[in-house]
1. Run through region 17-111 and list the GluC sites (Glu not before Pro) located in a DSSP loop whose Cβ has at most 12 other Cβ atoms within 10 Å.
2. Using the crude model of +1 on Lys and Arg Cβ and -1 on Asp and Glu Cβ, and no other charge, please compute the dipole size for the chain relative to its Cα centre, in debye to 20.
3. By the scheme Lys and Arg +1, Asp and Glu -1, what is the net charge of all other residues having a beta-carbon under 9 Å from that of Ser256?
4. Can you find, among Gly247, Ser223, Pro293, the residue farthest towards the positive end of the dipole of the chain? Put +1 on the C-beta of Lys and Arg, -1 on that of Asp and Glu.
5. Please report the net charge: other residues with Cβ closer than 10 Å to the Cβ of Arg241, K and R +1, D and E -1.
6. Ranked highest first by the average count of other Cβ atoms within 10 Å around their residues, in what order do 128-135, 173-180 fall?
7. Can you tell me, using C-alpha contacts under 8 Å and at least 6 residues apart, the relative contact order of the chain as a whole percent?
8. Ordered by residue, what ³J(HN,Hα) values in Hz, to whole numbers, does region 282-294 give under the Karplus form 6.51 cos²θ - 1.76 cosθ + 1.60, where θ = phi - 60° and Gly and Pro are x?
Amino acid sequence: MLHTSHVSCCASLRQALLQGWQQSFPLHSSPFRQMAASSGATPRELLALCQDLHRKGTLQLVLPTWGEQLPRTRWRLAFAPAGDDTPLARALGALPGCFHIERATEPLPGLPSVWAEMETSDEASLGSQLHRLPMPPVARIALSTPAPDAPACDDLDTARELEAGLQLCSRPYAECARRLGCSESKLLARLLTWRRSGVLAGLSLKPPPSRVPQPGLLALWLSAPNAQSLQGLHEHPGVERVVTAPGDATWPWRLSVLLHAAPQLALDQLRETAAHVGLRSPDASLRLLIEQPRDQALLFRTQPTHA
C-alpha cells in the first residue's frame, strides 16, 4: 500500500511534467538527475514517470524549439471549398511544415474554407510539401522571411535528429550522439553554441498539442487599417493573429484577424473588438474550428513517411 505522502509526491511530479519544462530541458549529460534535484523525486522515479506518460500519449519526447536566428519562412495558405474538406485537412496535418489549420464550419460562397500556416526552410521545401496535397492553395502569403544574409543551418544531421526527439532515457544526449556517430561532449557543445547564437531557443519536455479542435472566428477586410487600429489589434487580448497584406491576386485581403471565441459569442466579440480599435465591420467573417497538428513546424525532417 502506498503512503499518502508518496501518492501526493507522485501527483505533484505528474502535474509538473504535464505543465512541461518549457524550453528549459537541461543541456547536461544527466538531465533527469538535474531535474530530479528540483522536483523532490529521485532520477529513477522521474524518468519512470516520464516514460509512463509517454507510453500513454500524454508526454512527448524531448523536442527542440528553434530560435529566431534560424532562417525559415512562415506561410499562410487558403484553400477553396471542396465539399468534404476532411481529406485536405488530414493531408495538411501530415505535412511536416504545417502547425496550424483552420476549417470553416459554415463555408461562404467565394471564400476559402480551409486556411493553414506552415514554416519551411525555403520555398523549394514549401513547393515539395504542397505537391503532396489533393489540391493547391488558391491564395498564399509569406508572413515572415529570413534576412538575405542569414546563414543556413550548419549541421543538418544534428537538426534532423533533434526533430526526431531525444529518447526518454538516463543519457538522452549520449543516445543521440551514438546515432549521429559523434561524442556526447561534441553534441552538447554544438547545442550550447546554437543556443548562444539564437539558432536554438531550447529543448522542451511537454504534452502534445490538444487533438480537440478549438472554436474561432476569422474576419477579413479588403481595405487596409490605419496605424492606430492596427496597433490596437495587436494589443487586444482576444486577438490571436493579425495579418496585413498589400492586397493583390496572390492574397486579396489587406487585413485578416483571427479570434479565439466560442461560437455563440464570436460575432459579438468581433463587433466589440472592431469598435474598440476603430475598424468598420469586416467584408466577411467565418466561424472556424482550429487544429494544431504539432507544436511547431518540422524544418529538417521533411520527407514523407509511410505507415
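Bear in mind these aren't lab numbers, they're just calculated from the coordinates by the rules spelled out. Small disclaimer: the values here were computed from a predicted structure and weren't measured. Glycine gets a Cβ as well: all are built from the backbone with ideal geometry, and neighbour counts include every protein chain shown.
1. Values: sites: Glu45, Glu68, Glu102; in loops: Glu68.
Those that pass, being in a loop and sparsely packed, are Glu68.
2. Numbers: 29 positive and 27 negative charges, 164 e Å.
Result for the chain is approximately 800 debye, rounded to the nearest 20.
3. That works out to +3.
4. Pro293
5. Values: positive: Arg76; negative: Glu102, Glu117, Glu240.
Once positives and negatives cancel, what remains is -2.
6. On the way: 128-135: 15.0, 173-180: 17.6.
Highest mean packing first, the order is 173-180, 128-135.
7. Numbers: 553 pairs, mean separation 82.5, N = 307.
Relative contact order comes out at 27 percent.
8. x, 6, 7, 9, 10, 6, 10, 10, 10, 10, 10, x, 7
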